[in-house]
Structures are given as structure tokens and as C-alpha cells.
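Read the structure below first, then the notes.
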Amino acid sequence: MQLARLKLSTLITGVLSTILIAVCVFVYFNLQANQQVAINGNQYNKIITQKDLAADVLPPPEYLIETWQLILQSVAMNDASSAQLQSAHLREKVDVLRADFEKRHTYWEQKLTSPEIKQLVAEQLYTSGQAFFAIYDDKFLPALNAQDQKQIAVSLHELSVAYEAHRHIVDQVVVYTNQAAQDLETETAHVISRGEITNYAMVLLLIAFASGLGYFIVSTVKKRLGMDPLALSELAGRFSDGDFSAHIALSADDESSVAHSMLVLQHTLNSLTTETQRLAKAAIAGQLSTRADAAAFNGAFKRLVEGFNQTLDGVITPLNVAASYVSDIAKGNMPDKITDTYHGDFNAIKDNLNHCIDAINALIADANMLSQAAVAGRLSTRADASQHEGDFRKIVEGVNHTLDAVILPLNVAAEYVDHISKGQIPPLITETYQGDFNTIRENLNQCIQAVNALISDANWLSEETVKGQLSTRADTSKHQGDFKKIVEGVNATLDAVITPLNVAANYVERISHGDIPELITDTYHGDFNALKDNLNTCINAVNQLLDDSAMLTQAAKEGRILVRADTRKHQGDFRTVIEGVNDTLDLIVEPI
């Protein structure tokens, strides 16, 4: 009996295995068919989309016709000035077309994925368009400007050929995309048809097997479930909705039951959810080195967790490199360019960082160049803003404008200081400046006014001195700083000169009136001391003359008529006077 049951169980197990294999085969082919349908559908959509894209890449035919008519109108112009105006209008319109052509080419070159369409649109179509514009730039426009009718006709013919070649490639793109879309649509329909036939066959096969063994399967499944089927179905539904919090009550302590397996699965999924949440919290907190514990899982779950960790490693390693480079750049430590190999978006990040490094290095190089030029005194040196992009270009342009704004007032100041240093006092600055530049202007104007005031007082003192007004002095309160010291020095100089002169004038006046003053005892220096000595010598000579006169007068009163003054004590005209007195006395005394 036991052997019969074992054989029966083996048979039933074989049948069930066959059914499961059939189900797996059915599911596999069904999935493959659906996947192929999806893939073909996506490819179809891409090709249809690229068909539209290819058409969108083309210059609008109406606009080309308008441009062509404008070209013909420009050629038909006989008046040179009108032709020039029409030529300018033509250039403006064609420049708009060219810019739109380049923009579309750059955009769709990144979007197109089919190699054939990309070769047609991104290469041949673009090359033919470039050829059209090259003939327009190099031949047609020069001929139109020169009104060379022969060359205009030749270039028009070449433009027509280039235009037709361009339109021929457009036709190829349209034909290719239409044919590709039609072929793929046919293939997709065949795949869908085969999938439907396979589905019907597998359904019939399953119905045949399920009809004969339904009861046995149901009873066996109930035993293997380990819990109420409805409860298990509800539990599976909650699992499929992502709810792993349900309580699982086992009807039998059988580790091989589905219920027990569901309990283990629940524990594993809850652990996986916990690890995922922990990784998410760590990522939000910026703890990018945190990884899930793959050792806590088995089989596919372990590989899944390891995949999470490897994905984080793959993402975070380039991000750490980028963060390190950005940190160095933010601190002004320019790193070397990244030479490691990355793929996809990471390579784009690498290229962007390298481009950023190049841009900042170029900015630093220009800043150093401007600094060195400024130190060397080459104040007209400017950086080439066209070598930079975006805000970097704005920075360089701003530095150039700043240098212009700084150096223009400095040049004015330098010119004014040069004039002042050469004694050529310029007029006041009347231009308007802002901020510190206005302060420089005011200081220069104040300097000009101060120098003019100094010159004015110097001229006034000179005129007063010429007039003999030796007591005139400049008002030092009208001056400041060293200018005030200069005026005070001039006043002091006049005082130093005029005081001894006044003393000398006073002494000479007194002597001229016969009022012989005392000897000068004040201390003077240099030529003033010589003047003092000369005055004292004069006083001594006059006093000696007076003494001798008094001596002769007293001798005459006393009857000593033979007494004479000693002429050796006198010099110059004073000696002549004494000698004259002596001679006069001799003439008087001799007859007596």
C-alpha cells in the first residue's frame, strides 16, 4: 500500500512537474513575445519620431523659397546703393537661416539614435547645407557686393546645384524613414500574430491538464499551503502591494509549507526594506559610505543587496571625485584635469569638470597677465574676453571695464600732475566722475587751486617788494600743509631780509641827520653780519671823525693852534676830510 502510494505520489509529482514546465514555457514565450512587441513598438516609435525629426531638421521650404527670391531680387538690382541695401537685408535673413540650421543640427545630432538616419541627417544633410552656405559666403556675396554679373550667374548656378543636392538628401531621409517604419510595422504584426497563436495553444493545453487533475491539485495544495487559502491569497495580495506587516498564523508546524516559506519571505522582505530605508536615510544625511549588509541575505536577495552596494559604489565614486575637485576649485586649489575613464553620464561629469578647470585656468592666466602688465606699467593691456564663455566672459569683460574706468581718471591725474610738475598749471577739471575718482578730481582741483593761490601770493609779494612795500606779507591762513609752510617760509625770509635792512636804513638815516647811534650788538649771520660790521665800522669812522673834530676845536680854544688830527686813523673820504681840516688850519695859522 505504501509502495502504491509512493508510486502514485511520484506519478502525480511528475504530472505536476510537467504542468509547471508547460506553464513556465508558456510564460517564457509569452513574455518573449510581449517583450519583442514592446521592443519593436519602441523602435517603430523611434523611427517614426526620427522621421519627424529629420523633417524638422530641414530648413523650411517656404523660407528657402523666400530667401531664394530675395537672392534673385538682390541680383536684379541695378542701382548700386539699392543693391547694397538689399544685400544687407539678404545677409540678415540668411544669417538667421544659418543660425537656425546650426542649432537644429547640434540638437538633433544628440537625439538621433539610428546610425543610418544619423549618417544622413547629422553628416550628409549637414555637409550639404554647409556647402550651400560656403558658396553663398565665398562666391555669391562677394560677387553681389562687387556687382560682378558674370560671377553672380556662376555662383547662382552653383547655389542651385548645392540646393538641389541638399533637397535630394532630404528626399533620401524621408524615403528611408518611411520604408523603415513600414518594415518594422510588418515585422511587429507578424510577432503579435505568432504570440497570439502560442497563447491560444498553451491555454488549451493547460485547460486539458487542469480539468483532469484539478481536484488532486487543490487538495494537495491545501495541505502544502499550511494555512487557509483565502488568508494566503490575501497575504499574497498584501505582499504584492508592498505591505509586509501582516501576521502569518501557521496551521501546522511544517517548515516545508508555503505559509512557512511566506513567513521566511516576509522576514527577508522586511529586512530588505529596513536595509533599503537605512541606505536612504544615510544618503539623505550625506553618509555616502554606508552600505547594506549583504551577508544577512541569501541567494537572489543577497545578489540584490550586493547590486545595491555596487550601484552606490558606481555612483558615489565619481561623485566623490567630483566633490573633491569642486572643493579644491572652491578653495582656489586648481587640480589637474581628470584622466580616469568613465562612461555615460559620469563621463559627461568628467568632461564638464575638465572644461571648468580649463575655463578657470584661463581666467587665472588672464588675471595674472593683467596683474603682470599692471606691475610693468602697461596699463593699456586688456584680456581677450572672446576666449571665455558665460559668466567667465562677464568677469573678464568686467575686469577690462574696471581697468578702463580706473586708468582713464589715472591718466588724467598723471597728465595734470605732469603739467603741475613742469610749472604749467592746468585749468580745473570739469568732467564728472563717481566715487573715489571724484575724490581724485576734487583733490587735483584743490591742488590746482592751492598752487594757483601760492603763485598768486608769490606774485603779489614780488609786486609789493618792487613797489618798496617791504612790510607786506602773505596771509598764511589761506594756505594748508606744506603750501602754508612755503608761504610762512617766504614771510620768514622777508622778515629775515628786511629786519636787518630796516635796522641799516634806520642807522643810515640817523647818521645822515648827524645822530650817531650806538654800535649794533645784535647777532646776524652771513651777509647780514657783514652789513652789521660795515655799519659799525661806519659808526666808528664817524665817531673818530667827530672825536678828531672835537679835539681840534678844543685845542683851538686853548690856543694850541699847531695841534693837528692824525689822518692815519681815517680812511677814504674821512681821511680827505681830516686832511682838509688840517690843511685849512695850516693856511690859517701860517700867516698868524
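For the reader, a short list of remarks on this structure follows.
- In this rough spin-label picture, where each label sits 7 Å from Cα along the Cβ direction, the E509-E116 distance is 12.6 nm.
- Within the accessible area of the stretch 334-402 (1.4 Å probe), percent carbon and sulfur: 53
- The simple spin-label model puts a point 7 Å past each Cα toward its Cβ; for V563 and A165 those points are separated by 14.2 nm.
- Rolling a 1.4 Å probe over the heavy atoms of the protein chains gives the stretch 308-347 an accessible area of 67 Å² per residue.
- In terms of distances greater than 25 angstrom between alpha carbons, the cross-link table entries K302/K350; K103/K337; K422/K485 yield K302/K350; K103/K337.
- Here the extension length gained between S549 and N352 equals 59.2 nm, from 0.36 nm per residue of separation less the Cα-Cα distance.
- Projecting label points 7 angstrom from Cα along Cα→Cβ for D336 and A492 puts them 6.9 nm apart.
- The alpha-carbon of K532 sits under 14 angstrom from the alpha-carbons of these aspartates and glutamates, leaving out residues fewer than 8 places away in its chain: E518, D522.
- For the stretch 465-592, the solvent-accessible area of protein heavy atoms averages 67 Å² per residue (probe radius 1.4 Å; ligands and nucleic acids excluded).
- For the stretch 450-526: Kirkwood Rh in Å [reciprocal of mean 1/r, alpha carbons]: 14.3
- Cleavage-rule hits (GluC sites (Glu not before Pro)) in the stretch 425-478: DSSP loop, at most 12 neighbouring Cβ within 10 angstrom: E431
- The calculated P(r) of the stretch 306-361, using every Cα pair and 10 Å bins from 0, goes 23, 51, 21, 5, 0 in percent.
- Of the solvent-accessible surface of the stretch 469-585, computed with a 1.4 Å probe and all protein chains present, 53% belongs to carbon and sulfur.
- Rg/Rh, computed from the Cα trace of the stretch 261-418 with Rh as the Kirkwood radius, has the value 1.31.
- Qualifying aspartates and glutamates (Cα of each under 14 Å from Cα of K569; at least 8 residues distant if same chain): D547, D548, E579
The values are calculated or read from the model by the stated rules, or taken from the named source; none is laboratory data. From a predicted model like this one, the values you see are computed outputs, not experimental measurements. We place every Cβ from the backbone using ideal geometry, glycine too, and count neighbours over all the protein chains shown. Remember, those area values only see protein heavy atoms, side chains included, never the ligands or the DNA or RNA. Shrake-Rupley method; radii C 1.70, N 1.55, O 1.52, S 1.80 Å.
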